[in-house]
């Protein structure tokens with residue numbers, strides 16, 4: 001029965017916790033990884049004697065979110081590996097990658113809620129409290145050379161606002177949101193240059209090379 005169970009689930013996805021891989025390090029079968037989306041941080045102010053309330057949820061520049069949660073269940077085939085998995089993961093903050101979406105990762109703290117025996121099998125339950133966004137594992141990179149003539153750069157971004165790292169060689173001028181910034185050789189990261197969801201338009205002029213690097217994030 002155990003061998004048949006192994007064959008039935010051997011094609012199921014697993015998960016990577018930091019440098020630990022659920023299948024290779026523990027021989028664990030991931031029964032599920034259920035992601036609960038982050039709740040919106042809603043802010044309402046009641047109006048005495050009036051209808052409804054004033055919605056201030058986006059008053060500080062956008063919607064903010066609570067942490068998201070992931071619930072895991074794993075089936076293991078020995079008590080030693082179940083205990084080792086608990087010891088390795090419980091209470092630790094780490095990067096989490098689900099094999100079903102290998103291009104993205106989560107960041108959060110893992111907790112083991114219980115380990116129980118079911119016949120000859122062992123079932124381990126974990127939860128992870130993670131940041132509200134799942135991040136690209138690889139940075140998005142865009143390079144431009146400028147030589148006198150002004151040019152427009154289009155940078156695409158996902159839901160998470162992000163400040164790109166801007167590496168400059170030479171002397172350039174950057175215009176974003178109607179504000180002009182003069183930049184010499186160096187590396188910059190400025191709150192004033194924060195990419196929003198969708199297409200972000202940046203104008204460059206001067207002489208040199210500019211490299212934009214950033215990690216996109218989608219809602220968990």
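Quick note: the coordinates plus some simple rules give every number you see, no bench work behind them. A quick note: this is a predicted structure, and the numbers were derived from the prediction, not measured.
Using equal-weight Cα scatterers in the Debye expression, the normalised intensity of segment 111-220 in log10 at q = 0.11, 0.17 Å⁻¹ is -0.46, -0.80.
Global dimensions of the chain from alpha-carbon coordinates: Rg and Dmax equal 23.6, 74 Å.
Pull out the extension gain between residue 188 and residue 100, defined as 0.36 nm times the separation in residues minus the alpha carbon to alpha carbon distance; nm, one decimal.
Numbers: separation 88, 0.36 × 88 = 31.68 nm, distance 3.50 nm.
Using 0.36 nm per residue and subtracting the Cα-Cα distance, I get 28.2 nm.
The distance separating the Cα centre of segment 110-148 from that of segment 176-220 comes to 27 Å.
The long axis of helix 79-89 is offset from the longest Cα principal axis of the chain by roughly 20 degrees. Considering only alpha-carbon pairs that sit under 8 angstrom and 6 or more positions apart, the relative contact order computed for segment 28-143 is 26 percent.
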